[in-house]
Every structure is written in C-alpha cells, then in structure tokens.
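S.K.: Got a structure for you, questions after.
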Amino acid sequence: DRPEEFSRFGADLETRDLAFREHWRALHAALAPEPAVETEQYRVLPPPQSRIPMLAVGSARQSLQWIAEHADGWASYHREEDRQKGRIALWHMAQDQRSPGMRKPFIQSVQLDLLDDPAAPLDAIELGLRTGRHALAAYLERMRELGVAHILFNLHRGARPAEDVLHELGAEILPQL
C-alpha cells in the first residue's frame, strides 16, 4: 500500500485497492485445495491438501467489512491500549454485520526492545515497547483480555541480540501464557 512499493513494480498507485482485491482472489485460489483458475498473470502450482488461512495485514484501502468477509483474521500494528481496544471493537462490529457472534482473530504486531533488566517498566517506542519481561508478561495478559489473539514481535529495534531475546521469551514469557 506504499507508493515506493508500487513504483518498483510499475503498478498504478491510484488503483491499488482494486489490485489488492484481484491479487487477494488469486492468492486465495492458490491456497485452496480446489482446482485454481489460471489467468494470464498467474499460473497456479498443485493445490495444497487443505485450505491455508489468509490474514489481512493493515487495510490496503479495504473496508473492515470486506476484510471480515474475505480474511481469516486481521493484523494491525501496536497502538496505545485504549486505542487498540477501539480497533478491536471495530473489528468485532465488522464481523457482526456479516455473521453475528463470529470471532476471527485480531493480531497485533509489536516492535519489541526487551531489556536485560527483568523489572524494567514498560516504555512506549514507535509502534511498540521497551520493557523488561515482568512488564511484558503483564502487557500480554492485558492484550489477551482486550481480545488480541496473537502478537507478532519484531525484534530489529532492540539493543540485545535477537537470539538472547528469543531465549528469554521462550524460557520466561511463554510458560506464563
């Protein structure tokens, strides 16, 4: 959905919403076990044995109603907790318009700078958090209570080696979940 991405592929930025839906249909067909339709633009390999779920990341100029109808879940970026609660409510409303009570997952990405000090307080950074593991565990519990089904951690902004952070997450955080 970014202008620089479209220019690299020689694609028309003004029709990106239509291009998104066309490419979504083609990818959806390729990830389904039914025989896929081939077009001039796409040649589909043998289909998988079962349908592979598709998540919408962001909105790419699509309505939440369209995403609720066509995607198996919606991924969005980190926001302040009250704002994220509002986004989750909008996601639920979009699903209720199509199928009342249906709950597809809401997924959140988080830039994570996990500090060496396990007691370090939670501090906001652009699109994420700088924190110790105790505050991170409490944050993850709050997100679960808000309705976040999955968190995608992006570790590239942290000062610690990713291997160390992954080890700490696996040893100290995951067992608490």
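The values are calculated or read from the model by the stated rules, or taken from the named source; none is laboratory data. Everything numeric in this text was worked out from a predicted model, so none of it was measured. Glycine also receives a Cβ, built like all others from the backbone with ideal geometry; neighbour counts cover every protein chain displayed. Just the protein is used for accessible areas: all its heavy atoms, side chains included, with ligands, DNA and RNA removed. Shrake-Rupley method; radii C 1.70, N 1.55, O 1.52, S 1.80 Å.
S.K.: Size of the dipole of the chain about the Cα centre, Lys and Arg at +1 and Asp and Glu at -1 on the beta carbon, nothing else charged, in debye to 20? Provide the component values of the computation, followed by the final result.
M.R.: Working: 21 positive and 27 negative charges, 95 e Å.
It works out to roughly 460 debye.
S.K.: For segment 136-177 and segment 1-20, write down the distance between their C-alpha centroids in whole Å.
M.R.: Result: 33 Å between the Cα centres.
S.K.: Express as a percent, rounded to the nearest 5, the fraction of DSSP beta bridges in the chain (both residues included) that run antiparallel.
M.R.: 15 percent
S.K.: Still on this model: Can I get the semi-axes of the chain's equivalent ellipsoid? Compute them from the C-alpha gyration tensor as square roots of 5 times the eigenvalues, in angstrom, largest first.
M.R.: 33, 20, 17
S.K.: Leaving out ligands and nucleic acids, and using a 1.4 Å probe, what accessible area per residue does segment 59-177 come to in Å²?
M.R.: 54 Å²
S.K.: Any idea what the relative contact order of segment 94-133 is, in percent, if you count C-alpha pairs under 8 Å spaced at least 6 apart?
M.R.: On the way: 50 pairs, mean separation 13.5, N = 40.
Relative contact order for segment 94-133 comes out at 34 percent.
S.K.: Modelling each spin label as a point 7 Å along the Cα-to-Cβ direction, I'd like the Gln176/Glu80 distance in nm, to one decimal.
M.R.: 2.4 nm
S.K.: If Thr131, Thr15 are ordered by their accessible area, calculated over protein heavy atoms with a 1.4 Å probe, which sequence runs from highest to lowest?
M.R.: Ranked list, largest accessible area first: Thr15, Thr131.
S.K.: Sum -39500 (n - 2.57) across every DSSP H segment of at least 4 residues in the chain, then divide by the residue count to get the 222 nm mean residue ellipticity, nearest 500. Display every interim value, and only then the final one.
M.R.: Details: 6 runs with 68 residues, N = 177.
Mean residue ellipticity at 222 nm (helix-derived): -11500 deg cm²/dmol.
S.K.: When the Cα centres of segment 77-125 and segment 46-60 are compared, how far apart do they sit, in Å?
M.R.: 21 Å
S.K.: Same structure again: How much of the accessible area of the chain, in percent, comes from carbon and sulfur atoms when a 1.4 Å probe is used?
M.R.: The C+S portion of the solvent-accessible surface of the chain is 54 percent.
S.K.: Modelled label-to-label distance, Asn154 and Glu5, 7 Å Cα→beta-carbon offset: nm?
M.R.: 1.1 nm
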